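What follows is a single structure, written as structure tokens, with notes after it.
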Amino acid sequence: MKIQRKLILTYLGIAIIPMLISGTIMLGLLYHSLEQSTIRSMTNTLHYCTDKINEIFSGAEVLCDTIANNADIQKMLREHPAGGTPLFYRQRLTINNQLYSLRHVYEDTVSSVCLLLEDGRTFKGQEFNLYDIHYQDEGWYQEIRRENYSCVWYGLVPQSLMVHNLSGPYITMGYALINLRTGQSCGIILADIAENTIQDILQENLPEQACHIRLHKADGETVIEYLNTEGTDFFHPLSVSSPLENGWTLTLRCSVLSLMKNPLQIAVIVFLTVSFAITILAVFCSSRFSRSISRPLNQLLKIMDDVEHGNLEAQISIDTNLVEINQLLSSFNTMVEQVGQLFQKLEEEQTEIRKTQFAALQAQINPHFLYNTLDNIAWHIRSNDSQTALESLMAVSKLFRISLSKGHPYIRIQDELEHAKMYLELMSIRYEKQLFYEIRVDDPSLLEFYTPKLLLQPLIENSITHGISPRHPFRGSIQIHISFSGKDILLRVMDDGIGMDTCHLDAINQMLATNVLPETPAGQTGGFGIYNINHRLKSRYGDIYGLSIECTDHTTVSILIPRCNNKGECMPNDQTGCSGR
């Protein structure tokens, strides 16, 4: 986190945290007080609704009990006139009138009442007819008959269980009809209470704020519920419950934010106004102070980034009124100046070291080549072949003339190829013309570029010594191919010798890639020649240049060099990775 932001946040924390604590305590106390007052009001409302609903349910139970004990109805239970007789119709008319008269007393709450007897007789207390169904097989009928002297309540049904044209929904109550003389259940009494009767009580008495009231059974099944604000999100609701006499429960749940909206709004507006004023003042003061510290530090970070990317001449000059910051900036400027001087001195020392290493590497190559050449001429002299020895000496003379090149470490590619050709002629003479060679140049302009001398001869020598010489009888060919490779130049030496196994090839390529000569047993110098060439190129031009070896049908040694002038420097039109060191 930036120091300016951290200082601003610190100031804001010092200013705001105490304010938040005090405001939270104040709002908490206000909330608690309002919550207790709201709970008392909700409890009173719920008790009133409970009493009104109990009154309706009790009236339905009294009606059913009155019907069950009515003398005419008890007489009817003892008499069983045959269907279609005058006595049958007179009995139905009498009982229907009795039911109608009894229901009329409770017509504001009970919508319908009917008797359903086990022998199939039915009676109604309203003008609508009953369904013609075999009700004795219905589960609700059997359940009500089993509950002697107890009411069975059914939560909201879409329509009346037995009465035609009585659209619901309804709350239905069932009561077993007992023959008082025999004590046997002869049928049931059904009474329907319209949902809107209960709904009206709930709507009239709920608070105006967002509230949810629910009438439910003991098992949690909802009978009736009402929400006086559609889609209200109840955040931390207050809830009170009250049981009804029939075993159901009425639960009232109200939104705290809605009930306490007005007093909380006033308190929140006052709190936010004070908080905003304090916050603005804190931001202004902290911003001015933090800017006086962060501005010079940001400038210092920018200069440090420049120094990190190699600009050792960068200096910072900012005047502040803080002594510690000024001292820090001055010390940084002094440090950068000293680091620049050290880098310059180190670069000069590295340049001298590279020159010394190059001279030592070249000194290692020349004696090695001279030894092998003289050994070849000595072999011809011992063979009394003076003409061939003379030709060899002339070739050696030309070799050394090109090698010396007036002390220049870089020669034209044309001269390097001539040097390789002279060496191949010497080797061909030595091996009695059983060594064949071919030199191909894709573009004549390649011959005019310069290269470090003595690149090809050590590779040709390796091809003969390790690739062709192990053959019996001796016979082989070497090809030298020069071509462009993008912006660079590719020299390849290929032989058709015995090749090398994969492990040996991987080890040599690993050595060439890392530019590290592995330790070898005493007296062995395996890979030293190609290591020297590879090391010279990488030391001079960079790690992307150097040697690589492939071994398929032919063993191919590839040399990648940049396009160079007579000083070994990359040409101006060369855009490769050449470092030109």
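The values are calculated or read from the model by the stated rules, or taken from the named source; none is laboratory data. Predicted, not measured: the structure shown is a model, and the values here were computed from it. Every residue, glycine as well, gets a Cβ built from its backbone with ideal geometry; the counts of neighbours run over all protein chains shown. Please note that ligands, DNA and RNA were not included when accessible areas were found on the heavy atoms of the full protein model with its side chains. Shrake-Rupley method; radii C 1.70, N 1.55, O 1.52, S 1.80 Å.
Points worth noting:
- Computed label-point distance, nm, for sites M26 and S548 using a 7 Å Cα→Cβ extension: 7.7 nm
- Ordering of 425-438, 500-513 by packing [mean C-beta count within 10 Å, highest first]: 425-438, 500-513
- Difference of contour (0.36 nm per residue) and Cα-Cα distance, N565 to H481: 28.2 nm
- Label-point separation in nm, F400 to V323, each point 7 Å along Cα→Cβ: 7.8 nm
- GluC sites (Glu not before Pro) within segment 84-192: DSSP coil, no more than 16 neighbouring Cβ in 10 Å: E107, E118, E127, E138, E147
- Taking the average, over residues, of other Cβ atoms within 10 Å as the packing measure, peptides 449-455, 59-65, 40-46 rank 449-455, 59-65, 40-46 from highest down.
- Over 20 Å (Cα to Cα) - which of K433/K453; K453/K567; K487/K567; K75/K124; K421/K567; K398/K487 fall in this group: K433/K453; K421/K567; K398/K487
- Once backbone amide H atoms are built at 1.01 Å from N, V163 has Y131 as its partners under 5 Å, excluding neighbours fewer than 5 places away on the same chain.
- Exposure rank, largest accessible area first [K487, K538; 1.4 Å]: K487, K538
- Take the Cα of C503, step 7 Å toward its Cβ, do the same at V339, and the gap between the two points is 4.9 nm.
- Once the C-beta distance of L180 and Q159 is scaled by a Förster radius of 25 Å, the resulting FRET efficiency is 0.15 to the nearest 0.05.
- Working ranking of peptides 71-79, 244-252 by packing, defined as the average number of other Cβ atoms within 10 Å per residue, highest first, is 244-252, 71-79.
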